[in-house]
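What follows is a short report on a single structure.
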Amino acid sequence: MTKRPRVRAPELQGRSWLNTGGKDITLAELRGKTVILDFWTFCCVNCLHVLDELRELEEKHRDTVVIIGVHSPKFVHEADHRAVVDAVERYEVHHPVLDDPELATWKQYAVRAWPTLVVIDPEGYVVAQHAGEGHAHAIETLVEELEAEHAAKGTLHRGEGPYVAPEPEPTELRFPGKILALPAGTFLVSDTTRHQLVELAADGESVVRRIGAGERGFADGDADTARFSEPQGLALLPDGRVAVADTVNHALRALDLETGAVTTLAGTGGQWWQGAPTSGPAREVDLSSPWDIAWFAGRLWIAMAGVHQLWTYDPDTGTVEVAAGTTNEGLVDGPAAEAWFAQPSGLAATEDRLWIADSETSAVRWVERSAEDAGGTDSAGGFVIRTAVGTGLFDFGHRDGQAEQALLQHPLGVTALPDGSVAVSDTYNHALRRYTPGSEGGAGEVSTLATDLREPSDAVLVGEDIVVVESARHRLTRLRLPEEAVRVESVAHRTRRAATEVAQGRLRLDVVFQAPAGQKLDERYGPSTRLIVSSSPPELLAEGAGTGTDLSRELVLADGVTEGVLHVSAMAASCDDDPDNEYPACHVHQQDWGVPVQVTDAGTSRLPLVLAGMDA
């Protein structure tokens, strides 16, 4: 292979540094180490997956590798420095983080998607770039090659990196996630960052007991020995146990309220990837970041944030299956099997509807039986998806009024109220909102119930009060539902990234994928790649939308549409290239892009997107 000219890594620029003891870092100071830049934003579940993928590599190569998180925000709230500080602690990021609210370093490295990993060798040159998740094996192999090469050259420097751990804060809860009112009048809260469940007295403050050892892990057992990993959603099962969405373990657990014993209901501990089973015995099927759960229509419904779907668990048969969603990220209503979601993160059930906080589209949506399913089959084909509030991935804000014009910002929770309305934990607006459905099928209205709630993530109704989980204040807050909603000034935002200038007419889309060293594309069972293309507005593309197996495609931009967003989803499967190994290890690489484009006379006629590629 002909080597391309080596590219010196651009310097790191941003507002400030975290996890360095107040010290700024330059690449020159890191010479002699392999540096991995992790471009992430804390709203993005795929970014959180990558954080978990990197933990083992970070520990194993701590003396030769420095991982640096480059926080590059999508939502306005994510540009708040305090919110970045909170997120770094919340997700246990144990490496330096550059807070880059203006996307300065993002632009220097020509990044187009969250997450993206860039590898810099010990001499300061970029050697690889990978978009999406699933690249840990490839990066591990590359790191080992770089260690050997630069040890031989004398350019590898071993020793501690620049990470400085922050001081721990002594609070009873630490970034709690979800809440459940228990029959005894107490509250059960997922104490997410401490990897525990905490039962609080009726006052919402006094600790009754803790469930879980308080250390990240995946182990059943009694209240003192069981282990969770960033638990979130909670729901009562018909047999009296509490189901727990054990998010980073990709599992559902069960808590016996009487004994405190924890068992596993569903999941293997492994993350679901494209091509894996989507139904079967619950303990044998992989899940992907289950964020919330609710009992509805005779089953436990799961907000599967990691793959933008809803799944169900049937305790009678001990099975799980996909109930709604295609794994494509976006906002598309209709029959459950055809709907698109974007990190569903909150669920609340009523007799006839399952309400959904669809966080990345800043939307409130619901599941209901289709008109054809009056008999109640409970199958995925018997349900349809509707949207109450929200327009898509790029529009968000704080605006009350008619639901068609109302805006939210990354809500994580929904709570059904007795009058048929829904309280919305509008997380990035630090507010509790309310959606009231319209009469006779009307669109409905959105109002504000309370403000100055620091990242509310869930709420539960208790009598005439509503108890809100203020995740970033590490507490529960009790509010009296007001007679009238609070009035706030309307604010609207659209995600802002520099648009790619493209020429009118034909546009060549190339997703660049090179199988990592020692691997090849897996063609044993048919095509190993997939490409899905769509646009906002749909009228932007005259030709080229749809699904195919070729990672290159010729698009045709329609006349008269001068700007929009191209939505691109790519997947490639590669396996170890060892003809003597009957069972080679295989890896799935996947990524979604939302690429803002503007049609200009001087625009490009080719759009390359890097899924995985080597620069040297």
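Values quoted throughout were computed directly from the atomic coordinates according to the rules given, and no laboratory measurement underlies them. It should be emphasised that the depicted structure is a prediction, and the values quoted were computed from it without experimental measurement. In this analysis, Cβ positions are derived from the backbone assuming ideal geometry, glycine residues included, and neighbour counts consider all displayed protein chains.
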Rh (Kirkwood; distinct C-alpha pairs) - region 525-564, Å: 11.1
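What is the Rg over Rh value, at two decimals, for region 102-232, using alpha-carbon atoms and the Kirkwood definition of Rh? Before the final figure, lay out each step's value.
On the way: Rg = 22.0 Å, Rh = 19.0 Å.
Rg/Rh: 1.16.
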Rounded to the nearest Å, the spacing of the alpha-carbon centers of region 135-156 and region 306-378 is 44
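Order 283-292, 464-473 from most to least packed using the mean count of other Cβ atoms within 10 Å. Don't jump to the answer; show the numbers that get you there.
On the way: 283-292: 23.0, 464-473: 20.6.
Sorting 283-292, 464-473 by mean packing, highest first, produces 283-292, 464-473.
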Per q in 0.21 1/Å, what log10 I(q)/I(0) does a Debye calculation on the alpha-carbon atoms of region 295-339 return? -0.68
Given a cut-off of under 8 Å on Cα pairs at least six residues apart, what relative contact order in percent is computed for the chain? 10
Free-by-geometry Cys in the chain, Cβ-Cβ under 4.7 Å as pairing rule, reported as 43
Crossing angle, helix 81-90 versus the chain [Cα axis fit, 0-90 degrees, rounded to tens]: 80
So if I take the alpha carbon set of region 16-156, get Rg, then get Rh from the Kirkwood formula, what is the Rg over Rh ratio? 0.95
Just to confirm the number: angle between the C-alpha axis of helix 136-153 and the first principal axis of the chain, 0 to 90 degrees, nearest 10? 40
Of the convex hull enclosing the alpha-carbon atoms of region 499-616, the direction-averaged projected area in nm² is 8.0
Distance in Å, no decimals, from the C-alpha centre of region 590-611 to the one of region 236-300 is 39
Cα extents of region 23-83 along the three principal axes, largest first, in whole Å? 36, 25, 15
CD proxy at 222 nm, helix term only [per DSSP H run n ≥ 4: -39500 (n - 2.57); per residue of the chain; nearest 500]: -2500 deg cm²/dmol
Rounded to 5, percent antiparallel among DSSP beta bridges of region 1-167: 60
